[in-house]
1. For segment A:24-81, how many residues are touching a Cys at 6+ places or on another chain (Cβ under 8 Å) and farther than 28 Å from B:Cys69 by Cβ?
2. For A:Asn138, are the conditions met, namely being outside any loop (DSSP other than H, G, I, E, B) and in contact with a strand residue (DSSP E or B) (Cβ under 9 Å, 6 or more places away or on another chain)?
3. Hey, could you check segment B:90-102 for residues that are open to solvent by 20 Å² or more (accessible area, probe 1.4 Å) and more than 9 Å from chain A (Cβ to nearest Cβ) and say which is nearest to ligand 2 (Cβ to nearest atom)?
4. Report, by residue number, each residue of segment B:61-89 that is at positive phi and either part of a helix (DSSP H, G or I) or near ligand 2 (Cβ under 10 Å from one of its atoms) (or both).
5. Please work out if A:Arg294 is surrounded by fewer than 19 Cβ atoms within 10 Å (Cβ to Cβ) and either without any contact (Cβ under 8 Å) to a residue 40 or more places away in the chain or assigned to a helix (DSSP H, G or I) (or both).
6. Considering A:Ala196, A:Ala255, A:Ala183, which residue is open to solvent by 10 Å² or more (accessible area, probe 1.4 Å), part of a helix (DSSP H, G or I) and in contact (Cβ under 8 Å) with a residue 40 or more places away in the chain?
7. Take the residues in segment A:29-39 that are surrounded by 22 or more Cβ atoms within 10 Å (Cβ to Cβ) and hydrophobic (A, V, I, L, M, F, W, C); name whichever of them is nearest to the chain's Cα centre (by Cα).
Amino acid sequence: MDLETLTHKSGEWLKGQGPESDIVISSRIRLARNLAQYPFLSRADDRVRVEIEESLGQKLIDLPLKKPLSYFKVHTLENIDRQLLVERQLISRELSDNHGSRGVVLSDEENVSIMVNEEDHLRMQVIHSGLALDECWNEIDRIDDLIESEVTYAFSQQLGYLTACPTNVGTGIRVSVMLHLPALVVTKEIQKVFQALHKISLAVRGLYGEGSQAMGDFYQISNQVTLGKTEEQLIQQVKEVVPRIIFYERQARTALVKDNREGLHDQISRAYGILKNAQTISSEETMHLLSSVRMGINLGLIDDLEIPTVNELFIHTQPAHLQKIKGTPLESGERNVARASYLRQRLSGRHPGEVN
Amino acid sequence: MKKCRRCSKPATLHITEIVNSEVQTLHLCEGCAQSYLSQQDQPDPDEMSPAAAKLIEGADLDELDHIVCPNCGISFREFRSQGRLGCPHDYIAFEAELMPLLENIHGATQHCGKCPKRAPDSSQRQYELIKLRNELRSLVEGEKYEDAARLRDQIQSLEVELAEDQPEANDKDDD
Ligand SMILES: [Zn+2]
Ligand SMILES: [Zn+2]
């Protein structure tokens, strides 16, 4: 798989399938691991980084996983290509912005991503569409076993897997679920949900990073504690809380429809209308309107558009994707024009790849 | 580095006590030091007078800041400013300061999840015991007493097995 091919397709986890996929976009589990015989990256000079990247890179490509696997030497990629992988959720911003030798292994379906020389020597993740944490755990657990048969991890009986940051030590696990919660945002009940989650030490982040303002009403819920509980217990904690949030979101949606069906239908139709007709549009506005449209499809208020298309548009209208699709670097203003044009084409049923 | 008087972990705290105008020093790991200090009302007859003055040298922050990991060379001060450790050994080198930090972040200082299959066989099974005890605690908390009773039996038979496997374990200080 090359990055040009990647630009035009979309990952399995955006297919909008799987349990509760009207609200749960994706489930993801990542593990942090380090090799016992090397210092962590803050103390690794360029030579050590090269050594780690080269030896791990080769071992990872040879893993008996579902083929094909692609390996990218991230330090050799152009800025725009690194940004593409970040927008695609396949690498972290940290891996993109780091210096020195580093890489990533990707599966063709984009479910598996194994980063080398991120904050830890290894950061591996499995991501699936919908609420599918068990599936993620079974796969990442197996991948971890396979890698472990080739290397010696830094591990202690007392503290478990040793990580560069003490916040990840122990299991090194981050269990997360991406939720689309537009009705809880509109009804302003979302703050109550956050407070409840913080009380049971789960973290909430917006899409694309740590910022408080979530783009497109997407929220990622994940565990904070990694030590003193088993992986199963930590997964269970997230699994238990998600159905409750789904319940509140559905309740809020029902209330919105009941209170003012015409008003809601109007607002959603206008959002759809702007996306289909705008001549220039920012990323923020696009995310905001796509969020309304996505909820509209789930409520049966829009019937000529599919969820997977909307999911894909959230990603494909990001800056690096637009520039890759256009095949040329674009300034912010030019991107807004290109974004509007891309949206018009996609929402009129013609794929931009096709001959006009 | 000296070993903890009560267990085999590295001693990071050195508690100096004055007993009958004689200075005595007790070398303990963080965990044992905490339980020692909290149990000062019921002292072990072998140990020193609880009424004596206590000095915990290891807990001095200025001193800790200058501790350097002999393995990677990072100082505790550097770790505090960048938030990233330098190598796996730092968890031992900075144990005295890291343990309270981990307790703070995670509410625990003992791993009980997955462990590499390559770990030596006996330690792997010691480890199994930690895991089972943890499960037992959550069963009891969840009031699943039947399951808990079954698990308790399993733990006891594993303890017996491990004791038979490792006669040298008696050499260690009791904990
Ligand atoms: Zn001890
Ligand atoms: Zn070190």
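1. Matching residues across segment A:24-81 total 3.
2. yes
3. So, considering only residues that are open to solvent by 20 Å² or more (accessible area, probe 1.4 Å) and more than 9 Å from chain A (Cβ to nearest Cβ), the one nearest to ligand 2 (Cβ to nearest atom) is B:Glu97.
4. Within segment B:61-89, B:Gly73 is the sole residue that qualifies.
5. no
6. Within the list A:Ala196, A:Ala255, A:Ala183, the selection yields A:Ala255.
7. Selected residue: A:Ile29.
Table: residues versus (1) within 16 Å of ligand 1 (Cβ to nearest atom); (2) buried (at least 23 other Cβ atoms within 10 Å of the Cβ); (3) under 27 Å from A:Thr167 (Cβ atoms).
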site	(1), (2), (3)
A:Gly16	no, no, no
A:Ser27	no, yes, yes
A:Ser42	no, no, yes
A:Lys73	no, no, no
A:Arg93	no, no, yes
A:Ile114	no, yes, yes
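The values are calculated or read from the model by the stated rules, or taken from the named source; none is laboratory data. Just so it is clear, the structure is predicted and the values come from calculations on it, not from any experiment. Cβ coordinates were reconstructed from backbone atoms using ideal geometry, including for glycine residues, and neighbour counts include every protein chain displayed. Quick note on the areas: whole protein, heavy atoms, side chains included, nothing else; ligands and nucleic acids left out. Shrake-Rupley method; radii C 1.70, N 1.55, O 1.52, S 1.80 Å.
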